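In what follows, a structure is listed as structure tokens, so that the remarks can point back to it.
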Ligand code: AMP
């Protein structure tokens, strides 16, 4: 593996007539035309080819929200390589795990943005595998440390890009050839490499972009997601570009350098279609009307929301304050695996997109008619659905099709109302949706038990006013270990380092014992209720030792650890 390095300290951008790039600082902006994009993508394609990348090879990309990220992903597509983008907020270890799983031959990253300890640890790890690696963490959120340049394997973006041609013939691919791998959390803890293919994915992202956002030639579209997630893949890169849209590529965060940043960007570029997540809305709501009223939002025509169920308060604020009651709000439910399942205008519920056939099952797998509540499943596949878990077809089948044979199981709970609208209730498996990022409780538990003081850990969700849900962790310590502030800080650091800052627990509670069934299974339902301080625990007859419950209530964390 080579390190393919971009000096990303060039400032920010705005994709115009294609992309306006708006950087972390409002002074950093740039307009990129479709013609310029093509030139950059071809240069990058030629560079990758020169470095030995061929059709079907996997390329890992670990970059912040800069145009080079788009150039690289499209360059992979152009030459038939399969990109595997890892969200830049993941830790070195998480990146390493994903690179190994998909056997990437090259990592494209930003060399000047490296977390030192993790960077060198990772570099060492991967060197053992005959690969080299540097970790890039976005400076918006993380400290920046220079990483040493390794001339034996590191290649500088600026140097090589200038030496290659601006023309590159595209590789012809079969409709079902792989396009990309994107990792999502798995209930066993090990992330799953969701594989999408060329034609179905592109057809679906371009079609859904066009219809869901009613795309018009004069639109300026802005999706605030990160390209490291499926929303960014689909609705920053592929969907808008396939429609020739003008869009904003935003590197910053909603509260830097001030809490009106989103609204300022909307005014600056006269954004017409705005797509964000409930967690961002909840965050910005807290600052009241002043930061919004300073800006002219009259260009807005449609608002979108994605990533997690939107609560009524956030929905009303979005509709009334941001959309000024003029703009329909499209709620778009979908998954890394499925690419666009449903959307609905101006209600907090959804209706299936054409071609998608949802249904609701009860615990026994029986289909429920009319008004109903239960497991959300899909009856038939559609072009944008994943094709497999990379390198593990058996896991694909068992994760999505085993529980209810004949249906694709989303893992979400859902209610259908009398008008046929679907209200997504959230995950009903061992996944927790923190600020729209799906995390596996098993993965967090594994990183807690990796600490020498922890004998056992159980992680559940607890409601959070901004993040939607947050992590509440119960830890049972080994004999003679003391539960104190230092240990809590160490455990939080450990999870951050192993998974990434998005997984940092909000609560860590001492659990001298965990509620278990007689067969030794942890009763997560009970732990969730303890975390939420719900005293009515219902039937505890299957619990081996009901006394642990009282102890856990006594040790409850009222406020974040
Ligand atoms: P991911 O694969 O990381 O994009 O996460 C997919 C999960 O996010 C879904 O299974 C849902 O639990 C949740 N989700 C995404 N969009 C919505 C939405 N609009 N409403 C409710 N939940 C959503």
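The values are calculated or read from the model by the stated rules, or taken from the named source; none is laboratory data. Predicted model only: the values in this text are computed from it and were never measured. Glycine gets a Cβ as well: all are built from the backbone with ideal geometry, and neighbour counts include every protein chain shown.
Determine whether residue 313 is at pLDDT 95 or above and farther than 30 Å from residue 201 by Cβ. Outline the logic, then answer.
Numbers: at pLDDT 95 or above: no; farther than 30 Å from residue 201 by Cβ: yes.
No, not satisfied.
Taking the residues in segment 192-234 that are assigned to a loop (DSSP other than H, G, I, E, B) and within 11 Å of the ligand (Cβ to nearest atom) as candidates, determine which candidate is nearest to residue 411 (Cα to Cα).
Of the residues in segment 192-234, the ones assigned to a loop (DSSP other than H, G, I, E, B) are 213-219, 224-229.
Within this subset, residues satisfying the condition of being within 11 Å of the ligand (Cβ to nearest atom) are 225, 228-229.
Numbers: 225: 22, 228: 22, 229: 18 Å.
The qualifying residue nearest to residue 411 (Cα to Cα) is 229.
Residue-wise test of (1) buried (at least 18 other Cβ atoms within 10 Å of the Cβ); (2) closer than 16 Å to residue 471 by Cβ.
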| site | (1), (2) |
| --- | --- |
| 503 | yes, yes |
| 519 | no, no |
| 523 | yes, no |
| 531 | yes, yes |
| 547 | no, no |
| 551 | no, no |
| 556 | no, yes |
| 559 | no, yes |
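Regarding segment 362-384, can at least one residue be identified that is outside any strand (DSSP E or B), out of contact with any strand residue (DSSP E or B) (no Cβ under 7 Å at 6 or more places or on another chain), buried (at least 21 other Cβ atoms within 10 Å of the Cβ) and modelled with pLDDT of 90 or more?
Looking for residues that are outside any strand (DSSP E or B), out of contact with any strand residue (DSSP E or B) (no Cβ under 7 Å at 6 or more places or on another chain), buried (at least 21 other Cβ atoms within 10 Å of the Cβ) and modelled with pLDDT of 90 or more, one finds at least one in segment 362-384, hence yes.
Identify the single condition in (1) at pLDDT 95 or above; (2) touching a helix residue (DSSP H, G or I) at 6+ places or on another chain (Cβ under 9 Å) that residue 468 does not satisfy, given that it satisfies every other one.
Looking at each condition in turn, residue 468 falls short on (1).
Name the pairs whose Cβ atoms lie under 6 Å apart, with the first residue in segment 296-319 and farther than 19 Å from residue 265 by Cβ, the second away from the ligand (no atom under 13 Å from the Cβ), and 6 or more positions between them or separate chains?
314/282
Exactly one of these conditions fails for residue 405: (1) within 13 Å of the ligand (Cβ to nearest atom); (2) in a loop (DSSP other than H, G, I, E, B); (3) modelled with pLDDT of 95 or more. Give me its number.
(1)
Which residue is nearest to the chain's Cα centre (by Cα), if the candidates are limited to segment 410-422 and must be surrounded by fewer than 20 Cβ atoms within 10 Å (Cβ to Cβ) and without any contact (Cβ under 8 Å) to a residue 60 or more places away in the chain?
Taking segment 410-422 as the starting set, the residues that turn out to be surrounded by fewer than 20 Cβ atoms within 10 Å (Cβ to Cβ) are 413, 415, 417-421.
Checking the rest, the ones that are also without any contact (Cβ under 8 Å) to a residue 60 or more places away in the chain come to 413, 415, 418-419.
Numbers: 413: 20, 415: 24, 418: 32, 419: 31 Å.
Among residues in segment 410-422 that are surrounded by fewer than 20 Cβ atoms within 10 Å (Cβ to Cβ) and without any contact (Cβ under 8 Å) to a residue 60 or more places away in the chain, the one nearest to the chain's Cα centre (by Cα) is 413.
Considering only segment 408-429, state which residues are outside any strand (DSSP E or B) and within 21 Å of residue 382 (Cα to Cα). Working first, answer last.
Of all residues in segment 408-429, those outside any strand (DSSP E or B) come to 417-421, 428-429.
420, 421, listed by residue number.
Consider residue 472 against the criteria (1) under 30 Å from residue 368 (Cβ atoms); (2) crowded, with 21+ Cβ neighbours inside 10 Å; (3) away from the ligand (no atom under 15 Å from the Cβ): it satisfies all of them except one. Which criterion is unmet?
(1)
Yes/no per residue for (1) more than 17 Å from residue 389 (Cβ to Cβ); (2) modelled with pLDDT under 95; (3) crowded, with 22+ Cβ neighbours inside 10 Å:
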position: 159; (1), (2), (3): yes, yes, no
position: 166; (1), (2), (3): yes, no, no
position: 179; (1), (2), (3): no, no, yes
position: 194; (1), (2), (3): no, no, yes
position: 217; (1), (2), (3): yes, yes, no
position: 223; (1), (2), (3): yes, no, yes
position: 234; (1), (2), (3): yes, no, yes
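Quick one: which helices (runs of 4 or more DSSP H) sit completely within segment 273-344 and have at least 1 residues that are within 13 Å of the ligand (Cβ to nearest atom)? Don't jump to the end; show me each part of the working.
On the way: elements: 278-285, 290-293, 312-317.
Those helices (runs of 4 or more DSSP H) span 278-285, 312-317.
Which condition breaks for residue 95 when tested against (1) assigned to a helix (DSSP H, G or I); (2) within 21 Å of residue 158 (Cα to Cα); (3) in contact (Cβ under 8 Å) with a residue 40 or more places away in the chain?
Result: residue 95 fails condition (2) only.
Filtering segment 235-246 down to residues that are within 16 Å of the ligand (Cβ to nearest atom) and touching a helix residue (DSSP H, G or I) at 6+ places or on another chain (Cβ under 7 Å), which residue is nearest to residue 298 (Cα to Cα)?
We begin by selecting, within segment 235-246, every residue within 16 Å of the ligand (Cβ to nearest atom); these are 235-239.
Those left that are additionally touching a helix residue (DSSP H, G or I) at 6+ places or on another chain (Cβ under 7 Å): 235, 237-239.
Details: 235: 23, 237: 26, 238: 27, 239: 25 Å.
Per the criteria, the residue is 235.
I need the full set of residues from segment 532-559 which are in contact (Cβ under 8 Å) with a residue 60 or more places away in the chain and assigned to a loop (DSSP other than H, G, I, E, B), in order please. Can you show your working first?
Taking segment 532-559 as the starting set, the residues that turn out to be in contact (Cβ under 8 Å) with a residue 60 or more places away in the chain are 532, 552, 557.
If the condition is that a residue be in contact (Cβ under 8 Å) with a residue 60 or more places away in the chain and assigned to a loop (DSSP other than H, G, I, E, B), then 532, 557 are the ones that fit.
Just to be sure, is residue 483 free of Cβ contacts under 8 Å to residues at least 60 places away in the same chain and either under 18 Å from the mean Cα position of the chain (by Cα) or under 22 Å from residue 283 (Cβ atoms) (or both)?
Details: free of Cβ contacts under 8 Å to residues at least 60 places away in the same chain: yes; either under 18 Å from the mean Cα position of the chain (by Cα) or under 22 Å from residue 283 (Cβ atoms) (or both): no.
No: the conditions fail for residue 483.
Picking from 453, 425, which residue would you name as being more than 21 Å from residue 192 (Cβ to Cβ), within 12 Å of the ligand (Cβ to nearest atom) and surrounded by fewer than 20 Cβ atoms within 10 Å (Cβ to Cβ)? It would help to see each step written out before you state the result.
On the way: 453 fails: within 12 Å of the ligand (Cβ to nearest atom).
On inspection, the qualifying residue turns out to be 425.
Just to be sure before I move on: is residue 430 at pLDDT below 95 and surrounded by 14 or more Cβ atoms within 10 Å (Cβ to Cβ) in the structure I sent? Explain how you work it out, then say what you get.
Details: at pLDDT below 95: yes; surrounded by 14 or more Cβ atoms within 10 Å (Cβ to Cβ): yes.
Here the answer is yes, as residue 430 does meet what is asked.
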